[in-house]
Structures are given as structure tokens and as C-alpha cells.
Amino acid sequence: MVKNFFLSRNRTALMLIDMQEKLVPYEDRSAEVLNAIQIVTKAFKILNLPIIATEQYPEGLGHTVAGLKSLLGDQQTFFPKTTFSCAKTKAIQDAIEATKADQWVLVGIEAHVCILQTAKDLIAQGKDVVVLNDAITSRYIYNFATAISEMKDIGIRISCVETILFELLEDSKAAEFKKISQLIR
């Protein structure tokens, strides 16, 4: 059963998983997913919330796609990993702990491997986890669907970019409302 919770700005961080040059072109709905990830990334930057970005075996799979890399900026660390779960790479786990966030929004690829395993590990650590179904994908729709089903079964909240952005804003009087609402028009 999914734990019922609202995201809170002072407790939430974004994990952008493995959006790499040699992977993205082969993913189902890659253009739509990349667009959704760009929107949520821009919004987290506007809200000044932590972002962790990972790269699976960058020596072989390349680095984060140029558009996302430039959006994240020169100050962003891109954590290399060989583990499928981000939480099983010490440097990434240290970064997770350093944020003090206990609510995590996951986006990236692939849904049935790195997203799923990372979400499982974060849940096991007692974190709240939200996976954005419009900002994750796999090469095949069947793998994506299986991942979504398994995540729901183990208590991971499935949502979408627009829902969580307005949840984090809470009120149309929030200072960032205008900038964020312009992202989703």
C-alpha cells in the first residue's frame, strides 16, 4: 500500500538518473521524457531544492545529454556509478545523506532497472519516494509498465511533473508560482 504523503519543500530533493548520450536515443518516448525532466529540473532550480545527477558507467555510455547538462550548470556534480541502485554507490549515498532530504523525486532511465532499484533502496532507508511516470522511461513499454506496477506494490508513490510542482508550491501566492506555471504552459 502506498504511503499517503505530501511533498514538503524543506524535505524534498530530486534525483536525475542516467540521462546519458548513448542511452536516451533508444528509450521509448525519449523526447517527451526529456522535456518533462527539463521542466522538473528547471522548477527544482527555481525552488532552490537539491538535485543529484547520476551517470551509469559514463566511460561506455557517455555523459548526461547536453541540454540537461547545461541546464544543471557548471556547479552540478554528476556522480558516476556502476551499481544499478544509486544508493549502492558510496559517493551518491553520501550526497543523499548530505541533503538531509527524506522525500525523493526520481526521474530518468531506465524505469525497470536503475529507477526501480534506487527507489527500493530509498524506501528501505525510510525515505518517501515519488516516481514521475511522465519523466521516466525504458526501452520497451512492457518494462516500463512492469516497473510502475512493482513500484506501486511496494509503496512508491507514482505521480507526474505537474502534480508535484503544484504540490511543492502549495499556493498560487507563492513567490515562484509565476515562473513555475510558465514552465508547464
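Some points to look at:
- Value in Å of the Kirkwood radius, where the range 12-183 supplies the Cα pairs that are averaged: 15.9
- Straight Cα distances below 19 angstrom link Lys90 to the lysines Lys81, Lys100, Lys120, Lys127, with same-chain residues fewer than 8 positions distant left out.
- Cβ crowding within 10 Å ranks Arg157, Arg185 as Arg185, Arg157, fewest other Cβ atoms first.
- The value for the range 51-94 of Rg(Cα) / (2.2 N^0.38 Å) is 1.13.
- Modelled FRET efficiency - R0 22 Å, Ala174 with Asp102, Cβ distances, 0.05 increments: 0.55
- Computed over the chain, relative contact order equals 30 percent, with contacts defined as Cα pairs under 8 Å that lie 6+ residues apart.
- Reach of Lys88 by Cα under 15 Å, taken over aspartates and glutamates that are not fewer than 8 positions away in the same chain: Asp18, Glu55, Glu97, Asp121
- Fewest-first ordering of Cys160, Cys114, Cys86 by other beta carbons within 10 Å of each residue's beta carbon gives Cys160, Cys114, Cys86.
Each value in this text was obtained by applying a stated rule to the coordinates, not by laboratory testing. Values in this document were obtained by computation on a predicted structure and should not be read as measured data. Here the Cβ is made from the backbone with ideal geometry for all residues, glycine too, and neighbour counts use every protein chain on show.
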